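What follows is a single structure, written as structure tokens, with notes after it.
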Amino acid sequence: MTFKTILISVSLCALIGACTPISRSHGFVSAKGAPGDVETGVDTKTSVLEKFGNPSTTGIFETDTWYYISELREQLGYLRASTQSRTVTTIKFSEDGMVDLVDIYTLEDGNIISMVGRTTPTRGREISVIEQLLGNVGALPQGTLGSENLPGGAGGPRRE
């Protein structure tokens with residue numbers, strides 16, 4: 001084999017390796033089943049904890065609502081990772097601790113939220129940096145001149 005053939009084969013292997021996606025799972029992963037397997041009216045908080053462990057998060061105002069969140073992200077080479085799948089399982093419990101409702105949301109159920117690009121104007125943006133730095137050069141502090149006789153221009157005992 002020549003050097004050129006070796007260089008081409010190594011380059012091809014590097015290119016093929018760069019195109020292989022890197023998959024990463026984030027959030028809830030269970031070996032015992034999916035949270036969607038929870039049955040309403042049969043399972044309780046204790047049985048859900050035994051099957052799946054602690055939830056990813058709980059409701060802030062609704063402490064009887066548990067969320068199990070899982071996500072699969074894929075990255076190709078140097079490109080930004082993209083979300084391939086997302087599942088949010090919501091389990092709501094009744095006051096006696098029984099499962100009342102199970103909802104499963106996927107990536108398709110999500111909504112894209114547009115960010116508002118408005119900014120609040122401030123005074124600092126109306127003048128240049130040089131004007132900001134040199135704006136007070138030569139200005140005297142207020143109240144140090146005039147009929148007041150204060151040592152150092154401020155504070156301390158008055159001289160009569």
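Structural remarks
- Among the residues making up segment 50-62, those that are touching a Phe, Trp or Tyr at 6+ places or on another chain (Cβ under 9 Å) and either of a type in the set (Ser, Thr, Tyr) or touching a residue at least 24 places away in the same chain (Cβ under 8 Å) (or both) are PHE52, PRO55, SER56, THR57, THR58.
- Within segment 16-37, residues that are assigned to a helix (DSSP H, G or I) sit with their Cβ atoms under 7 Å from residues that are at pLDDT 80 or above and among the β-branched types (Val, Ile, Thr), at 6+ positions apart or across chains, in these pairs: PRO35/THR89; PRO35/ILE91; GLY36/THR89; GLY36/VAL102; GLY36/ILE104.
- Of everything in segment 82-102 that is within 13 Å of THR65 (Cβ to Cβ) and of a type in the set (D, E, K, R), the residue that is surrounded by the fewest Cβ atoms within 10 Å (Cβ to Cβ) is GLU95.
Conditions (1) within 18 Å of GLY110 (Cβ to Cβ); (2) modelled with pLDDT under 85, marked per residue:
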{"position": "ASP43", "(1), (2)": "no, no"}
{"position": "SER47", "(1), (2)": "no, no"}
{"position": "THR57", "(1), (2)": "yes, no"}
{"position": "TRP66", "(1), (2)": "no, no"}
{"position": "GLY77", "(1), (2)": "no, yes"}
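- Matching residues in segment 27-81 - criterion: being acidic (Asp, Glu), exposed (fewer than 15 other Cβ atoms within 10 Å of the Cβ) and more than 26 Å from the chain's Cα centre (by Cα): ASP37, GLU39, GLU50
- Flag if SER47 is of a type in the set (Ser, Thr, Tyr), in contact with a strand residue (DSSP E or B) (Cβ under 9 Å, 6 or more places away or on another chain), free of Cβ contacts under 8 Å to residues at least 40 places away in the same chain and in a helix (DSSP H, G or I): yes
The values are calculated or read from the model by the stated rules, or taken from the named source; none is laboratory data. Remember, it's a predicted structure, so these values are computed and weren't measured experimentally. FYI the Cβ positions are ideal-geometry reconstructions off the backbone, even for glycines, and counts take in every protein chain you see.
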